[in-house]
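Read-outs: derived from the displayed coordinates by stated rules, not from any lab. Values in this document were obtained by computation on a predicted structure and should not be read as measured data. Virtual Cβ from ideal backbone geometry, glycine too; neighbours counted across all protein chains shown.
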Amino acid sequence: MQVNLSAYDIHKGPLILVNGAHPFIDDHSQSLDHITQHYPDVLMERQAASLLQLILIRLNAVNSIVPVSGYRSFYEQSVIYSDSLKENGLDFTLKFVALPGCSEHQTGLAIDLALNSDHIDFICPDFPYNGICQAFRKIAPDYGFIQRYLTSKQSITKIAHEPWHFRYVGYPHSVIINKNDFSLEEYIDYLKQYSIDHPLTFTDSHNKIEIFYVAQSEQVIEMMDDALYQVSGNNVDGYIITQWNDDYA
Ligand SMILES: [Zn+2]
């Protein structure tokens, strides 16, 4: 079976890297949904929203963990950036607020979470490393989420430590990133050594999953006829193919 890759798809999919060097190219094609009915204005990409909801239900945390900020349009990000400049100054803003066009929130794949309280800070919500928040952190990779901005990766991500910001990348990428202590930048780079003939293999109790990189210059790849696969752009220079083989177990 031939799979056609179109150049534009480099900028789409759960694995796109969006940062100061790689802006989000918005074609407004995201399909958005709310995470819980309690917060109808906080939206995420549909699949990310439903998986986040599943985590909150599993942890019985629908009332204790608050989705503070999910999808933002370019305009909303611009307003947040300029308001933060006025209120918090340049140093703070550069640390915690991405430039308009360069925010993961514009993709619909990012979410800021807070421990529920009377006073929730919109830019830096409290999401501590204990209790229910830490329980969330622990199981988030099983549902495709990673904590995106760690102190140890600040020199790579150019964003300060954000305990509250989670990014949907999809399973099993989230588990691999977490296990190897990668930033998303490092993971995107790491995958470039894996090709359709030499894929990265991930196994869990149900699946054998193969992951590989395809350069931008390729327009067609040849996959097995019954392959169950996902194509995501990396928003840099190619595609990441994830292929499930579910008769493995
Ligand atoms: Zn955020």
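Mind checking which of ASP112, ASP237, ASP197 has the largest fluctuation in a GNM of the chain, springs on alpha carbons under 10 Å? Per the Cα network of the chain with a 10 Å cutoff, ASP197 tops the list. Note on the stretch 86-199: Rg/Rh from C-alpha atoms, Kirkwood Rh, equals 1.00.
If you count Lys pairs in the chain whose Cα atoms are under 24 Å apart, skipping same-chain pairs closer than 8 places in sequence, the total is 16. Rounded to the nearest 10 degrees, the inclination of helix 46-58 to the longest alpha-carbon principal axis of the chain is 70 degrees. For the residues SER183, SER69, SER155, a GNM of the chain with alpha-carbon springs under 10 Å puts the largest fluctuation on SER155.
Taking +1 at the Cβ of each Lys and Arg and -1 at the Cβ of each Asp and Glu, which of LEU150, PHE202, PHE166 sits farthest along the dipole of the stretch 109-249 towards its positive end, judged by Cα position relative to the Cα centre? So the residue we want is LEU150. Here is the P(r) of the stretch 1-148: all C-alpha pair distances, binned every 5 Å from 0, give 2, 9, 17, 21, 20, 16, 10, 4, 2, 1, 0, 0 in whole percents. Around the Cα centre of the stretch 36-101, unit charges on the Cβ atoms of Lys, Arg, Asp and Glu (plus for the first two, minus for the last two) sum to a dipole of about 220 debye. When both the stretch 1-27 and the stretch 47-121 are represented by their alpha-carbon centers, they are found 22 Å apart. When the chain is treated as a GNM with alpha-carbon contacts under 10 Å, the residue of THR157, THR36, THR203 showing the greatest mean-square fluctuation is THR203. Its residue count N sets the reference 2.2 N^0.38 Å, and the alpha-carbon radius of gyration of the chain equals 1.01 times that reference. Fewest-first ordering of ILE221, ILE111, ILE55 by other beta carbons within 10 Å of each residue's beta carbon gives ILE221, ILE55, ILE111.
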